[in-house]
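**Student:** I have a structure I would like to understand better, so I am pasting it below and will then ask my questions one at a time.
The values are calculated or read from the model by the stated rules, or taken from the named source; none is laboratory data. From a predicted model like this one, the values you see are computed outputs, not experimental measurements. Note that each Cβ is placed from the backbone with ideal geometry, even for glycine, and that neighbours are counted across all protein chains shown.
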Amino acid sequence: MSTRVLRLPVVLERTGYSRSRLYARISEGLFPRPIALGRRMAAWPEHEVEAVIAAHIRETPESDMAQMVDRMHSERSTFGFSRHSGTMTGESMVTRPRSSVP
């Protein structure tokens, strides 16, 4: 199983949020915080972004959305570990926006 991480432009494109709206939603606890990939690089796990989008489609109340985001943050500490053996699994990939040049 591969795990993709999405950089900011891709997250903005997929959600339709402006940059300021995205960070407001993060501050409100209604969107997952980015993960650090380096000193000046951050990204969001694709499955978390997709879960938030799906919750919007289902018209999930904000209180439930906040609980979902809290759960996502707490699950990050064990992400990638096999439950049975305690070993690392999966591979990571960074997704950047596609070029609009044909």
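**Student:** Mind telling me which of the residues Glu91, Glu59 ends up being modelled with pLDDT under 95, of a type in the set (D, E, K, R) and over 11 Å from the mean Cα position of the chain (by Cα)?
**Tutor:** Values: Glu59 fails: modelled with pLDDT under 95.
Among Glu91, Glu59, only Glu91 is modelled with pLDDT under 95, of a type in the set (D, E, K, R) and over 11 Å from the mean Cα position of the chain (by Cα).
**Student:** Turning to a different aspect of this structure: If a residue must be part of a helix (DSSP H, G or I), more than 20 Å from Arg76 (Cβ to Cβ), out of contact with any helix residue (DSSP H, G or I) (no Cβ under 9 Å at 6 or more places or on another chain) and not β-branched (Val, Ile, Thr), how many such residues does the range 11-61 contain?
**Tutor:** Looking only at that region, the number is 3.
**Student:** Right, here's the next one. Which one of these is modelled with pLDDT under 95 and surrounded by 11 or more Cβ atoms within 10 Å (Cβ to Cβ): Pro97, Pro9, Pro102, Pro34? Steps first, please.
**Tutor:** Working: Pro9 fails: modelled with pLDDT under 95; Pro102 fails: surrounded by 11 or more Cβ atoms within 10 Å (Cβ to Cβ); Pro34 fails: modelled with pLDDT under 95.
None of the others qualify; the one that does is Pro97.
**Student:** Right, something else. Going by the structure shown, is Arg4 assigned to a strand (DSSP E or B) and either loosely packed, with under 13 Cβ neighbours inside 10 Å or at pLDDT below 95 (or both)? Reasoning before the result, please.
**Tutor:** Working: assigned to a strand (DSSP E or B): yes; either loosely packed, with under 13 Cβ neighbours inside 10 Å or at pLDDT below 95 (or both): yes.
For Arg4, the condition - assigned to a strand (DSSP E or B) and either loosely packed, with under 13 Cβ neighbours inside 10 Å or at pLDDT below 95 (or both) - is met.
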